[in-house]
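What follows draws every value from the coordinates through simple rules; no lab data is involved. Please read these numbers as outputs of a predicted model, since none were measured by experiment. Glycine gets a Cβ as well: all are built from the backbone with ideal geometry, and neighbour counts include every protein chain shown.
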Amino acid sequence: MLILYPMTPLFLKLYHATEQGIPLIRMGLTIGVIGLPLLWCDSYLPAMTMRVAGDGVYTGAVAVIALAVSRCVIGYVLTIPLGLGIHGVWIALLIEWLLRAAALHARFRGNKWLHLA
């Protein structure tokens, strides 16, 4: 990300982004670049570890609930009623990763998942 983000102007030219779209794309990338290294690993790596250990039901339920609550409900609220547009979708994605990470870390700290396999 640190290497590709500074190359954004080149990519925007390569894909012929319109003048109206450039600020939207830049802000979306900025939100993603900030959130990805901070939240993504904490929301997916524990899930993968627990799935391998046999705790797929819990991790699957967390994934579906986090998706439904954040991307669908919070995404809708941020996007349409609050008027954030596409940026609301990106923010909802970060909130999903945060919710997922919190739920998975709570389960991971316990040792119930260790005895399921």
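So what are the stretch 16-64's ellipsoid semi-axes, whole angstrom, largest first, if each one is the square root of 5 times an eigenvalue of the alpha-carbon gyration tensor? It would help to have the intermediate numbers written out before the result.
Details: eigenvalues 240, 25, 11 Å².
For the stretch 16-64, the semi-axes come out at 35, 11, 7 Å.
Could you tell me which of Gly32, Leu114, Ala47 has its Cα farthest along the dipole of the chain towards the positive end, charges placed at Cβ (Lys, Arg +1; Asp, Glu -1), taken about the Cα centre?
Leu114
Per DSSP H run of at least 4 residues, take -39500 (n - 2.57); add these up for the chain, divide by its residues and hand me the 222 nm value, nearest 500 deg cm²/dmol. Spell out each step's value before the answer.
On the way: 6 runs with 74 residues, N = 117.
About -20000 deg cm²/dmol.
Set Lys and Arg Cβ to +1 and Asp and Glu Cβ to -1, take the dipole of the chain about its Cα centre, and tell me which of Gly60, Met7, Pro23 lies farthest positive.
Looking along the dipole axis, the top candidate is Gly60.
Compute, for the chain, the length of the dipole vector about the Cα centre, with Cβ point charges of +1 (Lys, Arg) and -1 (Asp, Glu) only. Units Debye, rounded to 20.
That gives the chain a dipole magnitude of about 200 debye.
Would you compute, for the Cα atoms of the chain, the largest minus smallest coordinate along each principal axis and list the three values in descending order, in whole Å?
So the extents along the principal axes, rounded to whole Å, are 55, 35, 18.
One-quarter of the Cα convex hull surface for the stretch 68-111, in nm²?
2.8
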